[in-house]
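First up is the structure itself, then whatever we jot down about it.
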Amino acid sequence: MRAVAMLMRAVAIKKGQGQEKATGFQVMGTLRCDGCGEEFFIVHHLALMDKWLAEKQAHWLEKVLAEEHERDKKHADLIELPD
């Protein structure tokens with residue numbers, strides 16, 4: 001999973017996956033799913049860190065997680081975030 005994350009600009013990584021400290025990435029924040037309480041780290045590639053974008057991605061992720069609960073779908077360990 002680490003190799004996949006390294007090819008992405010920004011990802012959400014489920015807490016406990018050990019990837020939140022991936023080399024070349026910075027944790028920009030965390031988000032807790034309202035439906036189940038699972039936590040996700042929002043991480044950006046060091047060269048592309050953007051606090052405003054991270055906030056926008058957190059709102060997007062919140063909606064995605066809620067939709068997954070509506071469809072009884074389990075959250076992925078790694079979710080690529082939009083730019």
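Values in this text are rule-based calculations from the coordinates and carry no lab data. Treat the numbers as computed from the prediction; the structure is a model and nothing was measured. As a convention, Cβ positions derive from the backbone with ideal geometry for all residues, glycine included, and neighbour counts pool all protein chains shown.
Toward the positive end of the charge dipole of the chain, with +1 on the Cβ of Lys and Arg and -1 on the Cβ of Asp and Glu, the farthest Cα among ALA22, GLY35, HIS69 is that of ALA22.
Applying 1/(1 + (r/R0)^6) with R0 = 25 Å to the Cβ-Cβ distance of LYS63 and THR23 gives a FRET efficiency near 0.25.
Largest mean-square fluctuation among ASP34, ASP72, ASP50, in a Gaussian network model of the chain whose springs join Cα atoms under 10 Å apart, belongs to ASP72. Comparing LEU61, LEU46, LEU31 in a Gaussian network model of the chain (Cα springs below 10 Å), the most mobile by mean-square fluctuation is LEU46. As a proxy for reagent exposure, ranking ARG9, ARG32 by other Cβ atoms within 10 Å from fewest up yields ARG32, ARG9. All Cα-Cα separations within the range 2-80 were binned at 10 Å from zero, giving a P(r) of 20, 54, 24, 2, each value a whole percent of the pairs. The helix-based estimate of mean residue ellipticity at 222 nm for the chain, built from -39,500 (n - 2.57) per DSSP H run of four or more residues and divided by its residue count, is -9500 deg cm²/dmol to the nearest 500.
Considering only alpha-carbon pairs that sit under 8 angstrom and 6 or more positions apart, the relative contact order computed for the chain is 35 percent.
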